[in-house]
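Only one structure is covered here, and it is reproduced in the block below.
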Amino acid sequence: MITKRIEAAIEALTNGELVAIPTETVYGLAANAFSEQAVKKIFELKKRPLYNPLIVHIKSVDDLPLVARDIPEEALQLARAFWPGPLTLILKKQKSIPDIVTSGKDTVAVRVPDHSLTLSLLNKIPFPLAAPSANPFGSVSPTSAAHVQQYFGGEVSLVLDGGPCEKGIESTIVGFEDNLPVIYRLGSLPAEEIEEKTGALTIKNYDRKAPVAPGMLNKHYSPKTAFRLTRDVDTLLEEFAGQKIGLLLLTERNDLRHAIAHQEILSATGNLTEAARNLYAAMHRLDALNLNIIIAERMPETGLGSTINDKLSRAAAE
Ligand code: TXA
Ligand code: MG
């Protein structure tokens with residue numbers, strides 16, 4: 001059921017049920033982070049491997065000590081600068097967090113989401129919420145209550161409807177190695193904005209064998225339709241001429257020399273913030289059209305353009 005009633009969400013979560021929650025990034029599939037049994041349901045419903053840990057959502061930076069310990073000063077500074085917001089920090093975990101949440105690691109991923117409905121929910125329950133994105137493992141993340149409903153139908157009893165997600169792409173994940181910040185997943189907080197606080201950052205988001213964060217898995221965010229990413233849309237249009245083609249473009253093209261079935265424009269003005277917001281909904285729409293191929297145009301490699309390219313290249317991975 002889709003609802004805007006927080007009371008219904010409180011009741012379900014308190015009873016150990018799952019509730020889909022809105023955040024500024026994507027919708028999450030939430031459970032009581034202190035309850036091993038409740039969290040187990042998340043892994044089952046998503047068909048998510050148990051080695052892939054979850055993000056714990058808290059109501060404010062003041063609650064950090066409830067879930068994390070030995071917090072580096074630099075982490076606190078980032079938390080104060082960007083929370084509530086699309087930044088996830090990897091910190092040493094407290095005993096209160098069951099192993100299932102962190103896949104047995106001694107670290108926990110934590111953030112304060114920037115969405116009024118979910119913040120007021122978090123303020124009314126005595127436990128934090130463990131929540132991955134509310135999509136089956138490996139598929140495109142949901143940015144509306146309707147997307148969650150399409151994925152899970154009756155299987156999740158409650159979807160809290162907070163409207164379309166304002167950012168539209170997952171949070172940026174930052175961990176610490178020898179107390180130095182490292183980006184493990186590009187996300188809706190541009191790396192450049194973090195670097196204004198920290199100085200130049202290492203980005204370690206591509207690790208084929210042993211992903212630190214499975215947002216790092218090469219193949220991820222995948223539509224069912226064949227998907228290609230390119231700098232040169234025209235050459236691929238040539239290659240797939242005569243087939244049912246969908247295009248995913250930053251801005252509109254009216255000089256195309258081949259017939260296409262459908263095109264999605266991410267931002268009429270080429271604004272990358274708007275493009276990020278629209279990305280997943282455009283991918284959901286394209287994927288519903290029974291196309292032979294989706295051809296996506298590579299974005300400018302700056303700010304959120306880098307984040308979008310990262311998601312698109314994982315969608316296109318073999
Ligand atoms: O924006 C977001 O982050 C959304 C909303 C719902 O908050 N959540 C989200 O969750 O994207 P999910 O499960 O799709 O991605 C969580 C990522 C995974 O790549 C996971 O591997 C990583 O966080 N992660 C969780 N705990 C970790 C840990 N202890 N060390 C390293 N990576 C971790
Ligand atoms: Mg996800």
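The values are calculated or read from the model by the stated rules, or taken from the named source; none is laboratory data. Being a predicted model, the structure only gives us computed values, none of them experimental. Ideal geometry is used to build each Cβ from the backbone, glycine not excepted, and the neighbour counts take in all protein chains shown. Surface accessibility is based on the protein's heavy atoms, side chains included, excluding ligands, DNA and RNA. Shrake-Rupley method; radii C 1.70, N 1.55, O 1.52, S 1.80 Å.
Points worth noting:
- Reachable aspartates and glutamates, given that their alpha-carbon falls under 14 Å from the alpha-carbon of LYS167 and they are not under 8 places away in the same chain: GLU24, ASP114, GLU274
- Charge sum, other residues only, whose C-beta stays under 15 Å from GLY104's C-beta, Lys/Arg counted +1 and Asp/Glu -1: +3
- Computed over the alpha carbons of the chain, Rg followed by Dmax gives 19.4, 61 Å.
- Most mobile of LEU160, LEU236, LEU279 in a GNM of the chain (Cα contacts under 10 Å): LEU236
- Segment 272-297 and segment 143-211 have their alpha-carbon centroids 18 Å apart.
- Sulfur and carbon atoms: percent of accessible area, the chain [1.4 Å]: 49
- Protein heavy-atom accessible surface, 1.4 Å probe, per residue over the chain: 43 Å².
- Applying the criteria of a DSSP loop state and at most 10 other Cβ atoms within 10 Å to the trypsin sites (Lys or Arg not before Pro) of segment 2-104 yields LYS47, LYS95.
- Rounded to the nearest 20, the size of the Cβ-charge dipole of the chain about its Cα centre is 780 debye, with Lys and Arg at +1 and Asp and Glu at -1.
- 5 angstrom amide H check on THR107, placed H, neighbours 5+ away: LYS93
- Kyte-Doolittle mean at least -0.5 and Cα axial length at least 20 Å: DSSP H helices in the chain: 272-287
- Per-residue surface analysis assigns PHE176 an accessible area of about 40 Å², computed on protein heavy atoms at 1.4 Å probe radius.
- Distance violations [Cα-Cα > 20 Å] among LYS4/LYS124; LYS244/LYS311; LYS41/LYS124; LYS4/LYS47: LYS244/LYS311; LYS41/LYS124; LYS4/LYS47
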